[in-house]
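These notes are about the structure you will find just below.
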Amino acid sequence: MKDRRKLFRLMIGGVVTAYLLLAGYWVFTGRFREDKMKETVIWQSETEKDDKPEETGGKKIALTFDDGPHPVYTPMLLEGLKKRGVKVTFFLMGSAVEKYPDIVKQIADDGHLIGNHTFHHVGLENADTALIESEVVSANELIEKIAGERPQFIRPPFGQCDDGIESDTGMICVLWSIDPQDWCTKDASKVVKRVMANAKDNGIILLHDQYKTSVMAAFTIIDELQKEGYEFVTVDEILLD
């Protein structure tokens, strides 16, 4: 009888010992797996962080306006640009500057870039010294007197920017990469579509602040391209950066 009780106790003790060993194993391996999972999560997180591309600057694009200032549409344009926090480039004609100096001053005060578009909107291809003096220098002097800064950029009418223009005027010639032909398309929606179809990084858009449709198109262009990540800048930021 005593031997049977002893054997029974030994069996019970063995079962308890085995259970304790097994429980310890489960606890140990569970913690081990948990620690390994934590390590894996940390590693994956760091890897994803390292592989994440660095943020880059947005796409730049420039709006430019020729032939102004206009007594009605240029102030309308300036108001809309101020609301949107956008700076543009105006290529002004000396004859219009002479008529509307207050608008020119407002353009400058609002922080827009002013360029030269000659005095009377004449072509400068093969221009002689006398023509440069009467059309470019005279416009520069008038703009400087009103705006307080002499223009560094010139947009020759009709895009006539031959090799001699920059050397003869001492200015930087600026053309364009996107021309929606707003001057002959008095339809704002068509102007918008043409610009949106051709917009690209470092593009220069040609518009004219002589038409209400062009001004309204400009506002839509700004709103839509900003949604696409474009930053509107003046032409110096594209040509000189």
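3J(HN,Hα) couplings calculated from phi for the stretch 71-76 with the Karplus curve 6.51 cos²θ - 1.76 cosθ + 1.60 (θ = phi - 60°) are, in sequence order, x, 10, 7, 5, x, 4 Hz; Gly and Pro show x.
In plain terms, the residue of Lys145, Lys87 with the fewest other Cβ atoms within 10 Å comes first and the most crowded comes last, giving Lys145, Lys87.
What is the sum of charges, Lys and Arg at +1 and Asp and Glu at -1, for the other residues whose Cβ falls under 9 Å from the Cβ of Asp201?
Every neighbour counted, the sum reads +3.
For the peptides 157-163, 98-104, the ranking by packing is 98-104, 157-163, with the highest mean count of neighbouring Cβ atoms within 10 Å listed first.
Restricting the trypsin sites (Lys or Arg not before Pro) of the stretch 146-202 to loop positions (DSSP other than H, G, I, E, B) with no more than 16 neighbouring Cβ atoms within 10 Å leaves Lys186, Lys200.
For the stretch 93-110 versus the stretch 126-159, the spacing of their alpha-carbon centroids is 14 Å. Ranked by how many other Cβ atoms sit within 10 Å of their own Cβ, fewest first, the residues Leu92, Leu207 fall in the order Leu207, Leu92.
Using the Cα gyration tensor of the stretch 75-205, with a ≥ b ≥ c the square roots of its eigenvalues, what is the shape: rounded (a/c below 1.5), prolate (a/b larger than b/c) or oblate (neither)? Since a/c reaches 1.5 but b/c is at least a/b, the shape of the stretch 75-205 is classed as oblate. Translational diffusion coefficient of the stretch 88-161 (Stokes-Einstein, Kirkwood radius from Cα pairs, 37 °C, 0.692 mPa s): 272 µm²/s. Remark: spin-label model distance Leu239-Asn198 equals 1.9 nm, labels positioned 7 Å along the Cα→Cβ axis.
Per-residue Cβ neighbour counts within 10 Å put Asp187, Asp209 in the sequence Asp187, Asp209, beginning with the fewest.
Round to the nearest 0.05 the FRET efficiency obtained for Leu175 and His120 when R0 = 22 Å and r is the Cβ-Cβ distance. Write down the numbers at each step before the final one.
Numbers: r = 20 Å, r/R0 = 0.91.
Efficiency, rounded to the nearest 0.05: 0.65.
Scanning residues 5 or more positions from Ile172 or on other chains, those with amide H under 5 Å from its amide H are Phe153, Ile154, with H placed 1.01 Å from N in the peptide plane. Once the Cβ-Cβ distance of Lys105 and Gln226 is raised to the sixth power relative to R0 = 30 Å, the FRET efficiency obtained is 0.65. Distance from the alpha carbon centroid of the stretch 174-213 to that of the stretch 55-86 works out to 12 angstrom.
Backbone geometry of the stretch 172-177 corresponds, through the Karplus equation with coefficients 6.51, -1.76 and 1.60 at θ = phi - 60°, to 3J(HN,Hα) couplings of 9, 7, 10, 9, 7, 10 Hz, x marking Gly and Pro.
Values quoted throughout were computed directly from the atomic coordinates according to the rules given, and no laboratory measurement underlies them. Everything numeric in this text was worked out from a predicted model, so none of it was measured. Quick reminder, even Gly has a Cβ in these numbers, built from the backbone with ideal geometry, and neighbours come from all protein chains shown.
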